[in-house]
């Protein structure tokens with residue numbers, strides 16, 4: 001029986017289609033990936049065939065002889081790698097004939113332990129290249145943050161490229177095929193972003209170190225240590241440290257991210273504990289934070305000797321504890337309306353997100369991506385300046401308290417006038433300068449005579465208001481260069497430099513007395529201020545600085561409360577007139593001027609001026 005020609009043609013076409021479909025579905029002979037200059041970057045991991053070698057003993061020849069083991073790989077899949085096994089990947093590549101761009105195979109995972117790439121050498125053999133965390137970067141075929149391999153592909157010929165990946169942790173293998181120009185541009189863009197972030201962090205660290213040295217502030221020291229360890233940890237995590245800081249290291253490049261992460265987390269606890277004032281307000285939380293913070297110093301070297309998966313589990317638990325303690329400390333500070341607590345809480349929101357993504361990626365629960373790889377960088381760049389703002393607020397408050405404390409030791413708490421001990425120091429300087437350079441100065445003590453009566457009848461509040469009113473009236477009459485102090489409960493001291501006339505002192509004293517007799521409007525009952533002033537001109541009386549307060553105090557004590565002469569001066573010293581020149585020359589029998597009889601004192605010089 002002969003089938004119609006149309007049926008036979010349809011059956012032939014159907015068989016041909018099945019053959020093509022079977023050939024396309026066969027993993028042993030996949031269609032090659034065409035590399036053309038017009039598409040400079042291609043995601044390679046979903047185009048590869050893969051096989052997880054559980055024993056980790058398979059060689060390249062074993063994989064070539066058993067192509068049926070290879071199966072298509074899904075994009076962003078997390079391969080369950082662990083110590084001792086290996087992931088094999090095969091890519092069939094075809095570079096377009098006539099194109100001139102050089103191509104690279106890039107494994108964009110800075111934390112992968114080891115990557116081996118085999119390429120045909122064109123003579124039936126295979127050429128091997130190796131890179132990864134356990135290999136020093138200077139021995140990589142292409143130095144960088146993550147492994148990259150230059151491909152040797154003749155135009156128009158399909159070639160197989162075999163990749164073996166070893167890792168102690170479950171991880172994805174983000175591969176891409178890129179031209180030399182596209183890969184260089186991608187690296188420049190990544191380093192520009194990372195360099196800007198790390199440069200800003202290093203500038204903050206240097207600034208805080210300088211402020212710590214200049215102001216002797218331990219807060220800035222803790223911040224500089226914490227920021228430096230955090231920056232170093234992120235540099236190790238992103239591969240920047242392995243590329244630039246320790247390119248000769250082998251195993252250390254693989255261990256550095258975990259070690260520095262423990263140190264940075266411990267420093268974070270100690271810094272936030274100091275910043276939020278936990279030791280003074282929450283003793284139990286302070287002890288827990290202190291132990292947990294210093295535990296990071298012990299756990300860091302332990303990371304080198306513990307099996308990697310267990311070490312990462314411990315790191316995840318420690319990070320959780322660090323975040324919980326820091327958030328709790330910040331929340332307690334914020335609850336008592338401390339602005340610093342709010343800034344710390346705000347800083348830990350992006351950091352918690354970045355740390356969570358990074359830890360899920362290290363634990364093999366998330367693939368390598370922009371979020372898991374660079375999210376922690378963005379979080380640190382946001383978090384560190386916020387903590388610096390919180391530290392600046394805390395430092396400002398602390399310095400303000402210190403300034404107020406210093407002001408209390410140098411100023412009277414009620415009136416704001418100079419403290420007595422500083423007034424006496426100033427008095428000694430003025431008296432010494434007068435003796436040395438004969439500079440004029442007037443010293444006056446002012447008593448608020450009715451202070452005790454006001455306090456007794458109207459209470460201490462009105463009495464204190466009377467003192468403040470006295471200060472206001474006194475300040476209106478003195479110059480900015482004059483020294484005013486409160487030297488007793490109701491006594492004020494005044495030093496007027498450059499004043500050598502009693503008339504000037506008397507004028508100001510009289511105006512003060514008159515101002516005190518004017519009651520404050522609206523005050524019931526009306527309260528007048530009664531002043532007594534005792535003064536001395538240094539040109540009239542050369543007295544020691546320590547004796548002046550005693551003599552002026554005695555002068556004020558000698559005044560009656562109802563005296564009509566409330567302004568009085570210390571009497572000038574009585575001096576002997578100098579001998580005449582003819583007398584000092586001496587007559588017959590005179591040996592010196594000491595033997596000459598003293599001349600009578602002129603009445604104009606011997607008369608004591610009557611106090612005003």
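Observations on the model:
- Residue in the range 496-514 that is outside any loop (DSSP other than H, G, I, E, B), within 18 Å of residue 412 (Cα to Cα) and within 52 Å of the chain's Cα centre (by Cα) present: no
- Helices (runs of 4 or more DSSP H) wholly inside the range 522-612 that include at least 2 residues being modelled with pLDDT under 50 and either out of contact with any helix residue (DSSP H, G or I) (no Cβ under 7 Å at 6 or more places or on another chain) or more than 22 Å from residue 438 (Cβ to Cβ) (or both): 581-585, 603-606
- Within the range 69-96, being out of contact with any helix residue (DSSP H, G or I) (no Cβ under 7 Å at 6 or more places or on another chain) and under 18 Å from residue 42 (Cβ atoms) holds for 72, 76, 77, 89, 90, 92, 93, 94, 95, 96.
- Members of the range 300-357 that are within 20 Å of residue 262 (Cβ to Cβ) and outside any helix (DSSP H, G or I): 303, 304, 305, 306, 307
- Subset of the range 78-95 [surrounded by 18 or more Cβ atoms within 10 Å (Cβ to Cβ) and closer than 18 Å to residue 67 by Cα]: 86, 87, 88, 89, 90, 91, 93
- Residue 498 vs. criteria in contact with a helix residue (DSSP H, G or I) (Cβ under 7 Å, 6 or more places away or on another chain), within 15 Å of residue 442 (Cα to Cα) and assigned by TED's automatic domain parsing to the domain that holds residue 538: no
- Positions within the range 241-258 being within 25 Å of the chain's Cα centre (by Cα) and either at positive phi or surrounded by fewer than 22 Cβ atoms within 10 Å (Cβ to Cβ) (or both), in sequence order: 245
- Qualifying residue in the range 375-390 (condition: at pLDDT 85 or above and more than 30 Å from residue 145 (Cβ to Cβ)): yes
- Taken together, 318, 374 contain a single residue that is touching a helix residue (DSSP H, G or I) at 6+ places or on another chain (Cβ under 9 Å), more than 15 Å from residue 273 (Cα to Cα), in contact (Cβ under 8 Å) with a residue 60 or more places away in the chain and not assigned by TED's automatic domain parsing to the domain that holds residue 109, which is 374.
- Residue that is under 30 Å from residue 395 (Cα atoms) and either surrounded by fewer than 20 Cβ atoms within 10 Å (Cβ to Cβ) or modelled with pLDDT of 95 or more (or both), where the choices are 220, 191, 215: 215
- Boolean, residue 342 is outside the structural domain of residue 112 (by TED's automatic domain parsing) and touching a strand residue (DSSP E or B) at 6+ places or on another chain (Cβ under 7 Å): no
- Search result, residues across the range 430-464 that are without any contact (Cβ under 8 Å) to a residue 24 or more places away in the chain and surrounded by 14 or more Cβ atoms within 10 Å (Cβ to Cβ): 433, 455, 463
- Scanning the range 295-317 finds no residues that are at pLDDT 85 or above and within 20 Å of the chain's Cα centre (by Cα).
- In the range 133-147, the residue that is nearest to the chain's Cα centre (by Cα) out of those that are in contact (Cβ under 8 Å) with a residue 24 or more places away in the chain and over 18 Å from residue 183 (Cα atoms) is 133.
- Scanning the range 143-159 for residues that are surrounded by fewer than 17 Cβ atoms within 10 Å (Cβ to Cβ) and on the phi < 0 side of the Ramachandran plot yields 143, 150, 152, 154, 155, 157, 158.
- Wholly within the range 238-289, helices (runs of 4 or more DSSP H) carrying at least 3 residues that are touching a residue at least 12 places away in the same chain (Cβ under 8 Å): 240-244, 251-275
- In the range 140-181, counting only strands (runs of 3 or more DSSP E) that sit wholly within it, the ones holding 1 or more residues that are farther than 20 Å from residue 40 by Cα and out of contact with any helix residue (DSSP H, G or I) (no Cβ under 8 Å at 6 or more places or on another chain) span 158-166.
The values are calculated or read from the model by the stated rules, or taken from the named source; none is laboratory data. From a predicted model like this one, the values you see are computed outputs, not experimental measurements. Neighbour counts run over all protein chains shown; Cβ positions are idealised from the backbone, glycine included.
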